[in-house]
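Report on the structure given below.
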Ligand code: PLP
Ligand code: COI
């Protein structure tokens, strides 16, 4: 199959319209059969629940071309599971896992010409999402929903590829205790929009959010979890019930232990301990692992010994192993790779 004429090595993380997307509608208590459409536009009532009360959830995963030319996705069953956790918390219908996997299969297959070739550094980003579509004016959930998946080829999430980032500790909160920080609801990202514009205006790449209750513990950024490497080589990642349970992070913790023989800890991480860490990274589907060189906390600067020029050595090993598994250079644990036939 002939690939599209795109300068794969130079695309950023933006929207490029592809040929086909999947849509399925939930009405009268059930999902319709669903299928592909070329229509990228959505028509809905001005009073649709998603527009008035932000009843929308989403997922993010990628399709990769492997070294031997296959097209694969990475652990999509976990995205299906997380979508359903989000749906439950947002009073939306669950989507059968098989339907989710089928939607991914169909969208990737139909847009195979947009899956970036191996070795270009680009990937096909997939965005499954579900929203309440019927008119609702009293505050209550919708009764009709759409589930969709579109695909867009993407390059690195942060400009500059894998150059270490400078982030700041923000005074804004992203998620409330007992709120929705642990699910992938659009409203969490709406909360972060002002904070990210402000961070960029001040010259920072991202925000580090703290726990809203005590403001002493590290949570996550607007779109990725944190991992830290201690000076004795242990991988530490924050435990919190108000952050998104990152699939990349869960995979990295496994890889660290089982492939690299490193000790790992998921525990509360205090802002006070960051000065003692050797390396820091942001992890997620979009971020992959993006190294952090410096964290600015008001008048205080934490500069990691790994510096501002390149990824720290342990972060690099994690990065190489994870991307090696995703691109088929390293054997994956059972069930991690979902091949698109
Ligand atoms: N945290 C937030 C707020 C995110 O939006 C994402 C992206 O999906 C992540 C963490 C990373 O999650 P995953 O590794 O499953 O993509
Ligand atoms: C992802 O990594 O898939 C996300 O949803 C994060 C978003 C900031 C693009």
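Please treat every number below as a calculation from the coordinates, not as lab data. These numbers were taken from a predicted model, which means no experiment stands behind them. As a convention, Cβ positions derive from the backbone with ideal geometry for all residues, glycine included, and neighbour counts pool all protein chains shown.
Can you pull the Rg over Rh of region 92-249, Cα-only, Kirkwood?
Values: Rg = 18.4 Å, Rh = 18.5 Å.
Expressed as Rg/Rh, it is 1.00.
Its residue count N sets the reference 2.2 N^0.38 Å, and the alpha-carbon radius of gyration of region 188-234 equals 1.33 times that reference. Debye sum, Cα scatterers, region 165-326, no solvent: what log₁₀ I/I(0) at q = 0.11 1/Å? Calculated log10 I(q)/I(0) at the listed q: -0.39. Hydrodynamic analysis of region 211-278 uses the Kirkwood radius over alpha carbon pairs. Inserted into Stokes-Einstein at 37 °C and 0.692 mPa s, it gives a translational diffusion coefficient of 264 µm²/s. Roughly speaking, what is the centre-to-centre gap between region 198-249 and region 273-310 when only Cα atoms are used, to the nearest Å? The two parts, judged by their Cα centres, are 10 Å apart. Ranked by the mean number of other Cβ atoms within 10 Å of their residues, highest first, the peptides 113-125, 277-289, 27-39, 94-106 come out as 277-289, 113-125, 94-106, 27-39.
Here the relative contact order of region 8-154, from alpha carbon pairs under 8 Å that lie six or more residues apart, stands at 38 percent. Beyond 14 Å, what percent of the Cα pairs of region 110-169 remain? For region 110-169, the share of Cα pairs beyond 14 Å comes to 71 percent. Region 8-154 gives an Rg/Rh value of 1.00, both radii derived from C-alpha positions and Rh following Kirkwood. Beyond 17 Å, the tail of the calculated P(r) for region 253-324 holds 49 percent of the Cα pairs. When each of the peptides 312-320, 15-23 is scored by the mean number of other C-beta atoms lying within 10 Å of its residues, the order from highest to lowest reads 312-320, 15-23.
Here the Debye sum runs over all C-alpha atoms of the chain as equal scatterers in vacuum, and log10 of I(q)/I(0) at q = 0.08, 0.12, 0.13, 0.14 Å⁻¹ comes out as -0.38, -0.89, -1.04, -1.20.
Quick check on the chain: helices-only [θ] at 222 nm, where DSSP H runs of length 4 and up contribute -39,500 (n - 2.57) each and the sum goes over total residues. Nearest 500, please.
On the way: 6 runs with 75 residues, N = 341.
That calculation yields -7000 deg cm²/dmol at 222 nm.
Please compute, over every Cα-Cα pair in region 1-75, the percentage with a separation greater than 18 angstrom.
65
Expressed in Å, the radius of gyration and Dmax of the Cα atoms of region 171-252 are 13.0, 39.
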